[in-house]
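J.: I have a structure I would like to understand better, so I am pasting it below and will then ask my questions one at a time.
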Amino acid sequence: MPVLAVGMAEPRQLEARMLAVLDRARNRALPTRRGRIAAIAIFAAAMVPIAAASVVAGQPADGMGQTDTSSYGSLEGIARRWLSVDYWRHTATDQLSRLANQWSYLSEMRQLGYSAADVNVLFRLRQHGVTPTFVRSLAAEGLSGLSTDDLLTAANHGISAAYVRDLKELGYHPLDIEALTRLRSHGIDGAFIRELGAVGFTKLSMDDLVRSRSHGISPEYISELSSLGYQRLSLDDLILLRSHGAAEDLIRSANERAGTRLSVDQLAVLASHGWKQ
């Protein structure tokens with residue numbers, strides 16, 4: 001049967017503490033002597049029920065009813081831990097390190113122009129990977145002065161400096177956060193644009209890139225149609241065929257039955273009738 005003892009948990013809610021420190025509405029008055037005595041009494045009284053609420057794993061199957069007083073799961077072990085100077089030194093060092101790290105982040109973000117941003121918003125940005133380095137790298141690619149909402153959008157959609165730089169090298173600039181989000185949300189990156197260019201579709205506009213992706217116009221599909229004799233089709237022709245489900249095998253079969261290579265319009269009409277000639 002498991003032994004019940006006090007469960008130890010290290011405080012890790014540093015953000016909440018930082019917010020409390022910066023909250024001007026909080027009462028900063030020191031507690032009275034009577035209040036301190038009452039708090040100690042309440043804490044001491046709470047130790048007994050807490051000790052009965054935590055289950056300590058690892059009790060041997062044949063040792064039911066016995067307690068290993070040498071482990072930290074026992075009250076004696078817990079007491080030794082609480083009285084350990086090394087434990088509290090480690091805890092204090094860890095918390096001070098976290099505090100310094102958080103304070104450094106706030107300071108750098110404010111230096112970058114986000115001094116008016118709410119502390120809650122800044123911590124939310126950090127949780128989503130928005131660091132001062134991230135902000136500077138986007139600014140270096142022409143995306144400076146972004147709002148906190150824009151930064152959060154960029155982080156959530158994977159809009160990095162490398163992504164922006166790659167698109168710029170392909171001739172897509174200037175780019176704002178809205179255009180980048182649109183491209184990224186459709187899975188359009190430098191690799192996709194280069195693959196389209198390799199099969200003849202170069203310098204497509206951003207609208208055409210989105211249309212291509214939305215209708216499933218891939219380099220593979222273009223190559224398949226090209227192998228059937230449909231070279232140099234326009235993007236509109238490709239979208240027309242794709243929207244009618246004109247796959248390579250269906251087009252090949254239709255042409256074989258017709259004894260000739262059907263036009264794009266003929267294939268579209270045939271597809272709309274279930275490929276029945």
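The values are calculated or read from the model by the stated rules, or taken from the named source; none is laboratory data. None of these values were measured; they are calculated from a predicted model. For neighbour counting, all protein chains shown are included, and Cβ atoms are generated from backbone atoms with ideal geometry for every residue, glycine included.
J.: Take the range 185-202 and flag every residue that is in a loop (DSSP other than H, G, I, E, B) and farther than 21 Å from residue 225 by Cα. Break it down stepwise before answering.
T.: Applying the first criterion (in a loop (DSSP other than H, G, I, E, B)) to the range 185-202 yields 186-189, 199-202.
Once the filter is applied, which keeps residues that are in a loop (DSSP other than H, G, I, E, B) and farther than 21 Å from residue 225 by Cα, the range 185-202 yields 186, 187, 188, 189.
J.: Within the range 224-239, is there a residue that is assigned to a helix (DSSP H, G or I), in contact (Cβ under 8 Å) with a residue 24 or more places away in the chain, surrounded by fewer than 17 Cβ atoms within 10 Å (Cβ to Cβ) and under 33 Å from the mean Cα position of the chain (by Cα)?
T.: Scanning the range 224-239, I find no residue that is assigned to a helix (DSSP H, G or I), in contact (Cβ under 8 Å) with a residue 24 or more places away in the chain, surrounded by fewer than 17 Cβ atoms within 10 Å (Cβ to Cβ) and under 33 Å from the mean Cα position of the chain (by Cα), so the answer is no.
J.: Restricting the first residue to the range 255-277 and requiring it to be assigned by TED's automatic domain parsing to the domain that holds residue 232, which pairs with a second residue that is of a type in the set (Asp, Glu) meet a Cβ separation below 8 Å and a spacing of at least six or different chains?
T.: So the pair list comes out as 264/237.
J.: Report yes if residue 246 is more than 20 Å from residue 208 (Cβ to Cβ) and either assigned by TED's automatic domain parsing to the domain that holds residue 222 or among the polar types (S, T, N, Q) (or both), otherwise no.
T.: no
J.: For residues that are assigned to a helix (DSSP H, G or I), crowded, with 17+ Cβ neighbours inside 10 Å and of a type outside the set (D, E, K, R), tally how many sit in the range 211-223. Give the steps one after another, and end with the answer.
T.: Filtering the range 211-223 down to residues assigned to a helix (DSSP H, G or I) leaves 211-214, 219-223.
Retained after the next criterion (residues that are crowded, with 17+ Cβ neighbours inside 10 Å): 211-213, 219, 221-222.
Next, only the ones that are of a type outside the set (D, E, K, R) stay: 212, 219, 221-222.
Number satisfying all stated conditions: 4.
J.: A further question follows. For the list (1) over 30 Å from residue 197 (Cα atoms); (2) surrounded by 14 or more Cβ atoms within 10 Å (Cβ to Cβ); (3) modelled with pLDDT of 80 or more, I need the number of the one condition that residue 87 fails.
T.: Unmet condition: (3).
J.: Within the range 128-147, is there a residue that is farther than 30 Å from residue 170 by Cβ, surrounded by 12 or more Cβ atoms within 10 Å (Cβ to Cβ) and under 17 Å from the mean Cα position of the chain (by Cα)? Before the answer, list the steps.
T.: So the first thing to find is which residues in the range 128-147 are farther than 30 Å from residue 170 by Cβ, and the list is none.
No, every residue in the range 128-147 fails to be farther than 30 Å from residue 170 by Cβ, surrounded by 12 or more Cβ atoms within 10 Å (Cβ to Cβ) and under 17 Å from the mean Cα position of the chain (by Cα).
J.: For residue 190, are the conditions met, namely being more than 30 Å from residue 123 (Cβ to Cβ) and modelled with pLDDT of 95 or more?
T.: For residue 190, the condition - more than 30 Å from residue 123 (Cβ to Cβ) and modelled with pLDDT of 95 or more - is met.
A quick yes/no check of all residues on (1) under 29 Å from residue 221 (Cβ atoms); (2) out of contact with any helix residue (DSSP H, G or I) (no Cβ under 7 Å at 6 or more places or on another chain):
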position: 146; (1), (2): no, no
position: 150; (1), (2): no, no
position: 162; (1), (2): yes, yes
position: 187; (1), (2): yes, no
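J.: List pairs: first residue in the range 152-169 and under 11 Å from residue 189 (Cβ atoms) and among the aromatic types (Phe, Trp, Tyr), second residue modelled with pLDDT of 95 or more and surrounded by 18 or more Cβ atoms within 10 Å (Cβ to Cβ) anywhere in the structure, Cβ distance under 8 angstrom, at least six positions apart or on different chains.
T.: 163/180; 163/184
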